[in-house]
Amino acid sequence: MMFSETIAKMKGGQNLVLCHDQADSDAIGAAYALSRFIGADIGVPQAVATHTHKLLEELQINVLIGPDPSRYEHVVVVDAASPVQLGKSLPERYWFIDHHPINTLQENALGGLYDPVSSTCQLVFRLLKELDAPFDRQIGIALAAGIMTDTINFHKGDPEAFHAFGEILARCALTYEEVQRLYIVDERHARGAICQAALAAKKYTFGGYHVLVSDIETNIPTFAARALFDLGADVSVVGFAKGEEVEIRMYLRQELAEMHHLDAAEQFRTMPGMDQGTAWGYALFAGYRAKGGDLHVLLQNIVKRFEDLLG
Ligand SMILES: [Mn+2]
């Protein structure tokens, strides 16, 4: 049986669409669009990522924290790559839809849709089209936001991601700006914090490349790192620390990455001191999160690393 037929049979049942923890807009967008078709609760093990709060607000999505999957007839796990990402919410029986290059959830799944493309939202879009599902603006915003997130605002992506995004805009009478708006920081306080981070940034030049490093008082290091990158940095690094919590984000210019065979996520994974937390990302963007550690020591280690690599 095609997975779309399985999905169709869930309609009207007691359904849960479960996202990975720290659910991003790809997970939430996919969960929302799917839940609108089958009728389902949306759940997350512990929390939704900060950058996705605006999407939750826009679509008025209720997300259950730590739902009990055993209380549902059908559970569909979306955008999760491994059981670890589901924590205590890991269901015994589940279907899955995912796009991550490595997926260890599929082994124990009842079945699902797996294709290592750019986003889960484009897979859900495929399914809903197969099912002749109705679309509306809200479903469009959810799916488009997911694609925008996982292509890092189209800094990467396969042809289907670009194509699906355009098709979603057309079908749902949306504009690019309406989706983009979900990502622009429009709170004055947040913009002020980004300005402050830019003004306080230290600039190093190694081998002709500009490395900008700063920290920010609000927990939006990704936006600040992006802002420093857009100012002209070849490497932009922004950290945030509050209590035990340490967050660092880094953008790398593609030309630099290619010239020096650098991978941003790999740099974080091998950075002295970063074995205390979790590093993720891809070639041109890296994130780091830990409970504990000294932000300024870590930032210095990053500077030292680029001095060694480029200087
Ligand atoms: Mn994803």
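Couple of notes before you dig in:
- In sequence order, calculated HN-Hα J values of segment 150-167 (Karplus, 6.51, -1.76, 1.60; Hz; x Gly/Pro): 7, 9, 6, 6, 6, 7, 8, x, 8, x, 4, 4, 5, 5, 4, 4, x, 5
- Rounded, prolate or oblate (a/c below 1.5 giving rounded, otherwise prolate when a/b exceeds b/c) for segment 3-180 by Cα gyration tensor: rounded
- Among the trypsin sites (Lys or Arg not before Pro) in segment 175-210, those located in a DSSP loop and surrounded by at most 16 other Cβ atoms within 10 Å of their own Cβ are Arg181.
- In summary, the aspartates and glutamates within cross-link reach of Lys242, defined as a Cα separation below 17 angstrom excluding same-chain residues under 8 places away, comprise Asp215, Glu217, Asp294.
- Listed peptides 135-148, 98-111, 294-307, 73-86 appear in the order 135-148, 73-86, 294-307, 98-111 once ranked by packing, highest mean of other Cβ atoms within 10 Å at the front.
- All-pairs alpha carbon distance profile, segment 188-310, 10 Å steps from 0, percent: 15, 51, 31, 4
- Considering only the chain, percent of DSSP beta bridges that pair antiparallel, nearest 5: 50 percent
- With Cα atoms defining each centre, segment 137-164 and segment 259-282 are spaced 26 Å apart in the structure.
- Interchain or long-range residues, amide H under 5 Å from Gly43's placed H: Val17, Leu18, Cys19, Leu64
- Between Phe206 and Val211, the built amide H atoms are under 5 Å apart, and every one of these is 5 or more places off in sequence or on another chain.
- Estimated [θ] at 222 nm from DSSP helical runs (n ≥ 4, -39500 (n - 2.57)) normalised by residues in the chain, nearest 500: -11500 deg cm²/dmol
- Per the Kirkwood formula applied to alpha carbons, the chain shows a radius of gyration over Rh ratio, Rg over Rh, of 0.99.
Where a number appears in this text, it was derived from the coordinates with a stated rule and is not lab data. The structure presented is a predicted model; accordingly, all values stated were derived computationally and were not measured. Quick reminder, even Gly has a Cβ in these numbers, built from the backbone with ideal geometry, and neighbours come from all protein chains shown.
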